Amino acid sequence: MSVRILFALMVVFALPAGAGRAAVVPLVEVEGPIGPVAAEYVEDALARVDPLRSPAVILRIDTPGGLDASMRRIVRAVLRSPVPVVAWVGPAGARAASAGLFIVAAAHVAAMAPSTNLGAAHPVAIGGGDGGGTLAKKAEEDAAAYLRSLARQRGRDPQWFEEAVRESRSLAAQEALGRGVVDVLAPSVDALLADLDGRRVRFGTAEVELRLKGARVEPVPMGLRHRILRVLSDPNVAYLLLLLGFYGLFFELANPGSIFPGVLGGLCLILAFVGLQTLPFRYGGVLLILLGLVLLILEVKITSFGLLTVGGVVCLVLGSLMLFKSNAAYYRVSWSVMVPAVAGTVAFFAFAVGKGLAAQKIRRLGGQEGLVGERGEAVEPLGPDRVGRVFVHGEYWNARSSEPVEPGSPVEVIGIKGLTLTVRPVPRTEDKGR
């Protein structure tokens with residue numbers, strides 16, 4: 001720690017409460033899954049703390065866990081903080097599970113609200129499942145050693161923290177206080193400040209006294225950029241944007257010049273990949289989803305008696321399941337989102353295939369091919385080797401017939417070659433019936 005920061009802290013802690021400007025305690029909220037966005041937000045918030053104005057900073061924690069790399073970024077930010085960090089698991093009903101426990105262990109003061117819990121820090125393999133191989137054992141040993149070192153540095157029970165990793169142990173607030181895992185129980189932020197006022201904590205190589213009487217709590221909100229990234233980093237949002245992006249490009253390629261579907265699809269794809277870069281995703285999952293959509297599109301163009309549709313559905317489902325590497329519920333696509341998305345995609349392409357097949361059965365009404373099936377009247381004699389004129393669809397055409405046809409007889413067009421029609425004679429009774 002630099003001499004400048006130590007001097008600033010000495011000045012702050014030596015000032016009586018209320019001297020000069022009122023003390024401000026920033027409140028930084030670590031809520032939801034811990035990922036790159038949360039890590040960057042906490043890093044920025046702690047880096048902006050003014051030690052001349054803020055005697056401490058509070059991290060309010062309510063998280064089910066998250067990514068190891070992001071958790072370590074937050075822990076490093078806490079260890080480098082210019083003022084003491086108070087980790088408070090609250091309000092009632094909150095938890096600091098898995099990665100959240102490491103942040104609590106790293107804080108200079110650990111506090112919990114009643115009816116909260118912490119623990120269950122066993123590392124989960126990034127591909128899902130606990131695993132039992134060498135890599136899983138190495139991850140467990142690494143996490144246990146890291147948590148022990150943090151606990152010892154803060155004077156807390158290292159044995160329990162190791163059990164939290166190896167045996168996924170958890171504790172309720174009162175139990176955690178009794179085991180020496182946390183330092184304070186406080187139902188609210190105001191009660192927490194009152195309990196900590198005058199408390200001496202180890203900060204760096206020195207021991208400082210927290211003077212929090214009369215301090216004002218100042219929430220540190222996420223900036224617009226972080227809020228947008230937080231929404232985009234939701235696996236369900238990223239998944240839907242990915243599908244919408246592929247849909248938009250499909251419609252643009254199917255109808256070149258439409259512009260809007262292409263622009264919307266491109267925008268959705270860009271936003272989807274912005275979100276995916278903050279998540280543990282697999283390129284294989286993206287490619288499977290793309291292949292599934294391609295197979296469904298080919299079903300519209302090629303009659304495969306449903307084989308392409310089945311293949312497309314299988315690829316979509318597998319791609320959706322494999323899109324994210326983590327087995328944790330907060331880092332995978334929800335079934336309530338995936339099932340309607342896949343079903344809606346299949347229903348749309350089934351509708352498109354049905355309309356395409358129906359269109360193929362409709363007789364063309366324009367051009368020369370539209371004359372096939374039309375009936376008219378022979379104007380001149382016709383025969384296999386004799387071309388004569390017929391009156392069809394309001395026009396005179398040259399025509400021939402495989403059977404002799406007398407002038408005035410009804411005929412039906414059965415083919416066309418160049419500008420010559422092929423007709424057949426129609427019995428008078430059939431012509432009247434029609």
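Points worth noting:
- Over the chain, relative contact order from alpha-carbon pairs under 8 Å, at least 6 apart, %: 10 percent
- Accessible area of the chain belonging to carbon and sulfur atoms, whole % at 1.4 Å probe: 60 percent
- Take the Cβ atoms of K301 and R48, set R0 to 45 Å, and the FRET efficiency comes out at 0.20.
- Relative contact order for segment 65-175, counting Cα pairs under 8 Å that sit 6 or more residues apart, in percent: 26 percent
- Spin-label zone in segment 40-74 - amide nitrogen under 19 Å from a point set 7 Å from the Cα of I228 along the C-beta vector: 40-42, 44
- Cα centroid separation - segment 218-276 against segment 151-170, whole Å: 41 Å
- Rounded, prolate or oblate (a/c below 1.5 giving rounded, otherwise prolate when a/b exceeds b/c) for segment 252-352 by Cα gyration tensor: oblate
- Shown for the chain are the DSSP H helices of 20 Å or more along their axis, judged by Cα atoms, with a mean Kyte-Doolittle hydropathy of at least 1.0: 235-254, 260-276, 283-301, 307-322, 335-361.
- Take the Cα of V387, step 7 Å toward its Cβ, do the same at E406, and the gap between the two points is 2.6 nm.
- Accessible surface, the chain, averaged per residue in Å² (probe 1.4 Å): 50 Å²
- Multiplying the residue separation of R166 and T205 by 0.36 nm and removing their Cα-Cα distance gives an extension gain of 11.0 nm.
- Of the chymotrypsin sites (Phe, Trp or Tyr not before Pro) found in segment 144-240, not one falls in a DSSP loop while having at most 14 other beta-carbon atoms within 10 Å.
- Springs between Cα atoms under 10 Å define the GNM used for the chain, and in it the highest mean-square fluctuation of R216, R386, R76 occurs at R386.
- Counting only DSSP H runs of at least 4 residues, each contributing -39500 (n - 2.57), and dividing by the residue count of the chain, the helix-based mean residue ellipticity at 222 nm comes to -15000 deg cm²/dmol.
- Anisotropy class of segment 266-305 from Cα gyration tensor, a/c 1.5 cut: oblate
The values are calculated or read from the model by the stated rules, or taken from the named source; none is laboratory data. Every value quoted in this text rests on a predicted model; they were computed, and no experiment measured them. Ideal geometry is used to build each Cβ from the backbone, glycine not excepted, and the neighbour counts take in all protein chains shown. Accessible surface areas use protein heavy atoms only, side chains included; no ligands, DNA or RNA. Shrake-Rupley method; radii C 1.70, N 1.55, O 1.52, S 1.80 Å.
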